[in-house]
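Visitor: Have a look at the structure that comes next, please.
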Amino acid sequence: RKMSLSSIRKFALIGAGQMGTTVMGRVITAGQLPTSVFHATRPPWEKKKDLRERFPGIVVGSDNAEATRDADVIMLGVKPNDFEDIAPIINENCKKDAIFISMLAGVPMANFREKMPNLTTIVRCMPNTPSQIGRGVVPFACSIETPDEHRALATAIFDTCGTSVYMAKEAYIDMAVVLSGSVPAFYFVILEALVDAGVHIGMPRQQAFDLASQALAGSAEFAIHANKSDKIALAELKGNVTSAGGTTASLLFKAEQLGLRSLVAEMAWAGYRRTLEIAQDRGMVYGPGVWIPRRTDGED
């Protein structure tokens, strides 16, 4: 059976946490699939009422085997530490042509291939929180065995969240954690700092928020437009705002004095190193572009 988004008969969400529920909700909101197609599971100690109220008609339970059985798409949203227990259940009950989508940070495809050999199409993705309002970005990578139609279906699912970005190398997914997944938190810190600065110099807090938030959002949209239409470099956009001896020039000079660029780079590297540490805790050590089994013989 040729697969398309509208042809999905069963969509299993194993672990209906925040991001998994977000993706499911965006697909439903986009009118692509009815709620009855979705079978969501949560740990027994979590309430199911909220899901049923938000998405009337959805099948909610705690039986991962039942949810997985005959599913065209299986999306995994559990904690990485729970993967070892759930993997055999998925492997025993999945269809061989099912599309498996993982949102687990630090768990490479090699682990999925080892624990779930019955699966062929494996997709790793990393949605971010603005996906909740359809303004997110979802980087994703596919196993080399993934058919083109399955990749197209994954793209259609992620596009309901905002923008999907296909990653040619799986290693880019772990780098994307700091360039998209964690960026909303960084943005909120910058926005909060700007608002506080506005209050400090005498502006009412709400007006400071309105100005700073819209300026940041508009600048991002402007940069995207300029990059797509005219391929204008960020340095040129910055230069267009900066007059010689003006306020922007003074602001940017102080930012350089304080090492803003180095600070941002160090933050990005700290997040990426943590991603590598999470993977290492799972028995894999990997860096830019390569995975290497962790040594167990005590040698350096």
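Visitor: Given the whole protein assembly as supplied and a 1.4 Å probe, what does the accessible area of H39 come to in Å², nearest 10?
Guide: 40
Visitor: How many nm is it between the label spots at K48 and E149, if each spot is 7 Å from the Cα in line with the beta carbon?
Guide: Computed distance between label sites K48 and E149 equals 3.3 nm.
Visitor: Each residue of segment 79-86 in order: what ³J(HN,Hα) in whole Hz does its phi give by Karplus 6.51 cos²θ - 1.76 cosθ + 1.60, θ = phi - 60°, with x for Gly and Pro?
Guide: 6, x, 5, 8, 4, 4, 7, 7
Visitor: Follow-up. Could you compute the longest span of the chain free of GluC sites (Glu not before Pro) located in DSSP loops and having at most 11 other Cβ atoms within 10 Å, not counting the site residues? Before the final figure, lay out the partial values.
Guide: Working: sites that count: E145, E299.
After excluding every exposed loop site, the longest remaining stretch is 146-298.
Visitor: Here's a follow-up. Regarding segment 134-191, what are the three Cα extents along the principal axes, ordered largest first, in Å?
Guide: 42, 24, 9
Visitor: Another one. Give the carbon-plus-sulfur fraction of the accessible surface of the chain in %, rounded to a whole number; probe 1.4 Å, heavy atoms of protein chains only.
Guide: Details: 9530 of 16730 Å².
Accessible surface attributable to carbon and sulfur in the chain totals 57 percent.
Visitor: Report the full-extension gain for the segment A215 to S62: residue separation times 0.36 nm, less the Cα-Cα distance, to one decimal in nm.
Guide: Working: separation 153, 0.36 × 153 = 55.08 nm, distance 4.48 nm.
Going from the current span to full extension adds 50.6 nm.
Visitor: To continue, here is another question. Can you give the Rg to Rh ratio of segment 66-209, both from alpha-carbon atoms, with Rh computed by the Kirkwood formula?
Guide: The Rg/Rh ratio comes out at 1.12.
Visitor: Along each of the three principal axes of the Cα atoms of segment 139-241, give the extent in whole Å, ordering the values from largest to smallest.
Guide: Cα extents, longest axis first: 59, 29, 23 Å.
Visitor: Report the rotationally averaged projected area of the chain based on its alpha-carbon convex hull, in square nanometres. It would help to have the intermediate numbers written out before the result.
Guide: Values: hull surface 79.9 nm².
Reported value for the Cα convex hull: 20.0 nm².
Visitor: Now, a different point. If R0 is 25 Å, what FRET efficiency do you get for D230 and R135 from their C-beta distance, rounded to 0.05?
Guide: Details: r = 23 Å, r/R0 = 0.92.
For D230 and R135, the calculated efficiency is 0.60.
Visitor: Helix 183-200: angle to the longest alpha-carbon principal axis of the chain, degrees 0 to 90, nearest 10?
Guide: 30
Visitor: Using 0.36 nm per residue, how much length does the chain from F222 to T163 gain when fully extended, once their Cα-Cα distance is taken away? Show your work: numbers first, answer last.
Guide: Values: separation 59, 0.36 × 59 = 21.24 nm, distance 1.63 nm.
Stretched fully, the F222-T163 segment lengthens by 19.6 nm.
Visitor: Please list, in order along segment 226-242, the HN-Hα scalar couplings obtained from phi with the Karplus expression 6.51 cos²θ - 1.76 cosθ + 1.60 (θ = phi - 60°), rounded to whole Hz, x for Gly and Pro.
Guide: 5, 5, 6, 8, 10, 6, 6, 6, 4, 4, 5, 4, 5, x, 5, 8, 9
Visitor: Roll a 1.4 Å probe over the protein chains and send me the accessible area per residue for the chain in Å². Before the final figure, lay out each step's value.
Guide: Values: 16730 Å² over 300 residues.
Here the residues of the chain average 56 Å² of exposed surface.
Visitor: A further question follows. With a cut-off of at most 11 other beta carbons within 10 Å, and DSSP calling the residue loop, which trypsin sites (Lys or Arg not before Pro) in segment 220-250 qualify? Please list them.
Guide: On the way: sites: K228, K231, K238; in loops: K231.
Within segment 220-250, the qualifying trypsin sites (Lys or Arg not before Pro) (loop, at most 11 other Cβ atoms within 10 Å) are K231.
Visitor: Can you tally the net charge around A30? Count Lys and Arg as +1, Asp and Glu as -1, for every other residue whose Cβ sits under 15 Å from the Cβ of A30.
Guide: Values: positive: R26, R135; negative: D159.
Net charge in that neighbourhood comes out at +1.
The values are calculated or read from the model by the stated rules, or taken from the named source; none is laboratory data. As the structure is a prediction and not an experimental result, all values here were calculated from the model. Cβ: placed from backbone, ideal geometry, glycine included. Neighbour counts: every protein chain shown. Ligands, DNA and RNA are excluded from the accessible area calculation, which covers all protein heavy atoms including side chains. Shrake-Rupley method; radii C 1.70, N 1.55, O 1.52, S 1.80 Å.
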